[in-house]
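What follows is a set of notes on a single structure, which appears directly below.
Read the figures in this text as sums done on the coordinates, not as results from a lab. Owing to the predicted nature of the structure, the values given are computational and were not obtained by experimental measurement. FYI the Cβ positions are ideal-geometry reconstructions off the backbone, even for glycines, and counts take in every protein chain you see.
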Amino acid sequence: MKEVIKYIVLDRKNRKMGGYSTKLQIGCPKKMAIQNAEQSNGTVFAVDEDGDMREVYPKDKLK
């Protein structure tokens, strides 16, 4: 996977709950995405420059 450019949060029904760019210098996008996922009971995906996505949270789903 190439450089991560954003994190997106999807809820259980695959509705987009938020997106957090790594290019903006506001806080930590990964932490903000995880906090959103915890509140919405969702999943965080890292998106790279090519648009490829991989799941990064919750960890219990990754095992």
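Listing for the model above:
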| read-out | value |
| --- | --- |
| Residue in the range 29-36 that is surrounded by 10 or more Cβ atoms within 10 Å (Cβ to Cβ) and among the β-branched types (V, I, T) present | yes |
| Filter result for D50 (part of a helix (DSSP H, G or I), out of contact with any strand residue (DSSP E or B) (no Cβ under 7 Å at 6 or more places or on another chain) and free of Cβ contacts under 8 Å to residues at least 60 places away in the same chain) | no |
